[in-house]
1. Working only within segment 32-80, note down all residues that are among the small types (Gly, Ala, Ser) and part of a loop (DSSP other than H, G, I, E, B).
2. What number of residues in segment 214-261 are polar (S, T, N, Q), more than 16 Å from the ligand (Cβ to nearest atom) and surrounded by fewer than 24 Cβ atoms within 10 Å (Cβ to Cβ)?
3. Test of understanding: among Ala342, Ala295, which residue is more than 30 Å from Ser199 (Cα to Cα), at pLDDT 95 or above and aliphatic (A, V, I, L, M)?
4. Going through Glu43, Glu74 one at a time, which residue ends up being out of contact with any Gly (no Cβ under 7 Å at 6 or more places or on another chain) and buried (at least 18 other Cβ atoms within 10 Å of the Cβ)?
5. So, in segment 178-210, exactly how many residues are more than 18 Å from Ser81 (Cβ to Cβ) and over 11 Å from the mean Cα position of the chain (by Cα)?
6. Whether any residue in segment 66-88 is within 16 Å of the ligand (Cβ to nearest atom), touching a Cys at 6+ places or on another chain (Cβ under 9 Å) and at negative phi is what I want to check.
7. Look through segment 186-200, keep the residues that are among the small types (Gly, Ala, Ser) and within 17 Å of Gly164 (Cβ to Cβ), and return whichever of them is nearest to the ligand (Cβ to nearest atom).
Amino acid sequence: MKYFNPQQIREQEGKLAVNGGVPIREKGLPPEWPGLNYFDDQEKQAVMSILDNKSPFRFYGPKVQGMCDSLEREFALKSSSKYALAVNSGSVALYTCLAALEVGPGDEVLVPGYLWTSCFNAIIKLGAIPRLVDIDASFCMSPEDLEHKITPHSKAVMYVHMSGASGNIEEIAEVARKHNLKLLEDCAQSTGTKVKGKSIGTFGDMGIFSFQINKNMTAGDGGMIITGSKHLYNRAFAIHDLGYARDDKGRLMDTSCASEYQLWGSGGRMSELTGAVALVQLRKLDRITTSMRNAKWEIRRAIEEKIPGIKFREVIDPDGDSGAFMLTVYPSREKARNFTEAIRAEGIRGEGQSAPCLDMQQWGLHWYYNNLSLVNKRSLTPYGAPWSLEANSFAENYTYVKGTLPVTDDLSERGALLSIPSALSSADIDDIIRAFYKVAAWIL
Ligand SMILES: *Cc1c(COP(=O)(O)O)cnc(C)c1O
């Protein structure tokens, strides 16, 4: 289809499936879990080598296979960062990094309104206060609003590279430097993303990644921390483990650990079973992201500028986009909902539990105001920490209800998302484009 002619399309395609017409396709899309589409014998062999050698623990055992070591080495190399530390989840990675950066009571951490609930968890569990910052057209933190939100209590910025791509991270790093704030990058949703050739996670002090099933590479669970600082790495190491360093035999240095690395641990070590799968997946990461990126931009370019009612997320560097998601913005909340529902009815949906096509109102804990523990300032104990801590009295009037961040609120109502499966055929891609044209011809 060369150009968009609504009347012609309505005649050609007939009624929308949602209104009783014939759907563009009967079958759902391939599953959107990016790494799973690439599971094969290699993951199996790697896991078997751990079982055969009876060495599931990374630090010692009968015949340690060094999967976690290799994973860290290759991850650091690939992202051009000095140090990498494997952990058992992205959430533990966030907690470990904030703790390594010495975030605690009396501090606030600046976070965007579009994120994942793990970001709040890490801050709250350390006794610190989250301070909300609005997003911009990139669906990531706005550098301008960040400047407005900084207070004397601001200690760190948690920048979240959302939905497979980055936003204005260079400007954010600039603002953080200028105000002497620590910068932690949450890259959980965007492993493999670059901005102008530079890997995300290397713009600030530390970066974290997740290998949970929805992420670009997966071992079911798992995560990674990267940093350019030996000191932060050493702190993170002790904190992710049992609070102490280990010697070169993998034994805890319980009596000989340097006093600055005698800390408190969080039980975040990675198992060799996880390391084995993650290592194989890391070596496939470029294939996975290339497939998603090519598909996404073929779809996006076929729609952009031809259908004036659909706007797209601003992507600063399309060549560095991991391609995992295509975010669209519609003229109103009703249009976003109706459009997405109609697209699904045309067969642009998943099978089983796969749900690649949603309007943003269905995107749950990704929006700050849907985190009820936050909105209601919940605590793990009756004492009410961190909210009730004397050191945090500065935050008494902070609120997290909807209405706090105008741009985030607006995009959460008018936005929609399509996960880009990593195994789309060209026929699938054509169907998706055709469905957007058909639905746009009727609805926009
Ligand atoms: C998935 C995710 C995490 C947490 O990762 P887990 O491995 O599930 O703990 C953190 N931040 C963001 C933005 C995420 O999407």
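The values are calculated or read from the model by the stated rules, or taken from the named source; none is laboratory data. Just so it is clear, the structure is predicted and the values come from calculations on it, not from any experiment. When we count neighbours, we look across all protein chains shown, and the Cβ atoms used for this are built from the backbone with ideal geometry, even at glycine.
1. Gly35, Ser55, Gly61, Gly66, Ser79, Ser80
2. Result for segment 214-261: 5.
3. Numbers: Ala295 fails: more than 30 Å from Ser199 (Cα to Cα).
Going through Ala342, Ala295 in turn, just one is more than 30 Å from Ser199 (Cα to Cα), at pLDDT 95 or above and aliphatic (A, V, I, L, M): Ala342.
4. Values: Glu74 fails: buried (at least 18 other Cβ atoms within 10 Å of the Cβ).
Selected residue: Glu43, the only one of Glu43, Glu74 that is out of contact with any Gly (no Cβ under 7 Å at 6 or more places or on another chain) and buried (at least 18 other Cβ atoms within 10 Å of the Cβ).
5. Let us first name the residues in segment 178-210 that are more than 18 Å from Ser81 (Cβ to Cβ), namely 178-181, 189.
Next cut, over 11 Å from the mean Cα position of the chain (by Cα) only: 178-181.
The total comes to 4.
6. Yes, some residue in segment 66-88 is within 16 Å of the ligand (Cβ to nearest atom), touching a Cys at 6+ places or on another chain (Cβ under 9 Å) and at negative phi.
7. Filtering segment 186-200 for residues among the small types (Gly, Ala, Ser) gives 188, 190, 192, 197, 199.
Cutting the leftovers down to within 17 Å of Gly164 (Cβ to Cβ) gives us 188, 190, 192, 199.
Working: Ala188: 3, Ser190: 8, Gly192: 14, Ser199: 17 Å.
The selected residue is Ala188.
Residues checked against (1) outside any helix (DSSP H, G or I); (2) under 20 Å from the mean Cα position of the chain (by Cα):
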residue	(1), (2)
Ala355	yes, yes
Thr381	yes, no
Gly384	yes, no
Ala416	yes, yes
Ile429	no, no
Val439	no, no
